[in-house]
Every structure is written in structure tokens, then in C-alpha cells.
Amino acid sequence: MSEGIKGRLKDMSLTDIIQVLHLSRRNAAVNIGSNEGAGRVFVENGGVIHAQFRELSGEAAFYHMLSWKDGEFEVEMDIKPQMRTISANVEALLLEGMKRIDETNKGGLDKERLFGIDERESLHLIKKLIELGILSKKEG
């Protein structure tokens, strides 16, 4: 099967996509885009082995894209990645990603640990999370 699937992240999250690919032990490239830009996650035999978003790669890129609530995705089946930047297993990646998102939602934001991004990117991300209703501003 070389045909992939397309959709919106609000209907099927990156977490859902990764879990399906993991359970079916597929090779694929997940192209994902939002108003922040476009990125790519590579899956080999069901395991996430590489992610790229702008200048970020590896787990930092993966965790950043995992936080997106809306955008578009396209899964290209039977794509082989050209590099490996992630060695953690899928369960550990998703658990850590959800933990980081949960910490963000609770306001315990440690920007460097969260996504490994610089101050400018952090401010942009925080603004977007507020706009999407994932974070809320504290008054006072």
C-alpha cells in the first residue's frame, strides 16, 4: 500500500497517527503543517526515528509538533527516512510529549526543557497556545 491519508489535526492528532503507524508497524513519513510552518516525522517499522521542524530536529521537533491542535497532515506510506535522530521508543516519546503538554497547560512552562527552542520561538509558541485556548493568561 503506497497511498497515504490526509486530514486535519483537530480530527486526528499526531498522537493518533503515530499510534496507528506503530500498531501496524509501518514505514511512513507524516507531513504536518500549521500556521507555524511545516514539519515531518518519519516512522520505521512503527517506531519514530526522525522528526524535522524548521531548525529543530529529533525529539525537540517531535515534541513541538505534538503540541499542535490544528493544522493539516498527510501520511506518505512506505517512505524510508535518510537519518535517525530519535532512539526512544514510541510509548516513551508519547508519554513524555503528553507530560510536557500537560505541564504547559498547568502553567509550569520551562521553555528550554519543553521544546528546546529559543526565546523568540518560545514567545511565538506561548502566544499560539493562548490563542488556541491551551494556555490562559494570568491577570495581575
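The values are calculated or read from the model by the stated rules, or taken from the named source; none is laboratory data. Just so it is clear, the structure is predicted and the values come from calculations on it, not from any experiment. With ideal geometry, Cβ positions are generated from the backbone for all residues, glycine too; neighbour counts draw on all protein chains shown.
So here's what we get for this one:
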{"read-out": "Unmet requirement for GLY46, which otherwise passes all of (1) on the phi < 0 side of the Ramachandran plot; (2) out of contact with any Gly (no Cβ under 7 Å at 6 or more places or on another chain); (3) modelled with pLDDT under 95; (4) small (Gly, Ala, Ser)", "value": "(1)"}
{"read-out": "Test: residue in segment 7-27 that is buried (at least 19 other Cβ atoms within 10 Å of the Cβ) and over 12 Å from the mean Cα position of the chain (by Cα)", "value": "yes"}
{"read-out": "Segment 18-55: number of residues that are basic (Lys, Arg) and in a strand (DSSP E or B)", "value": "1"}
{"read-out": "Which listed residue is without any contact (Cβ under 8 Å) to a residue 60 or more places away in the chain, touching a His at 6+ places or on another chain (Cβ under 9 Å) and closer than 27 Å to THR104 by Cα, from VAL48, VAL90", "value": "VAL48"}
{"read-out": "Odd one out for GLY37, checked against (1) out of contact with any Gly (no Cβ under 7 Å at 6 or more places or on another chain); (2) at positive phi; (3) buried (at least 17 other Cβ atoms within 10 Å of the Cβ); (4) not polar (S, T, N, Q)", "value": "(3)"}
{"read-out": "Any hit, segment 90-112, residues being modelled with pLDDT under 90, of a type outside the set (S, T, N, Q), crowded, with 16+ Cβ neighbours inside 10 Å and not in a helix (DSSP H, G or I)", "value": "yes"}
{"read-out": "Meets criteria (small (Gly, Ala, Ser), touching a helix residue (DSSP H, G or I) at 6+ places or on another chain (Cβ under 8 Å) and free of Cβ contacts under 8 Å to residues at least 60 places away in the same chain) for GLY37", "value": "no"}
{"read-out": "Subset of segment 57-78 (residues that are surrounded by fewer than 21 Cβ atoms within 10 Å (Cβ to Cβ) and assigned to a strand (DSSP E or B))", "value": "SER57, GLU72, GLU74, GLU76, MET77"}
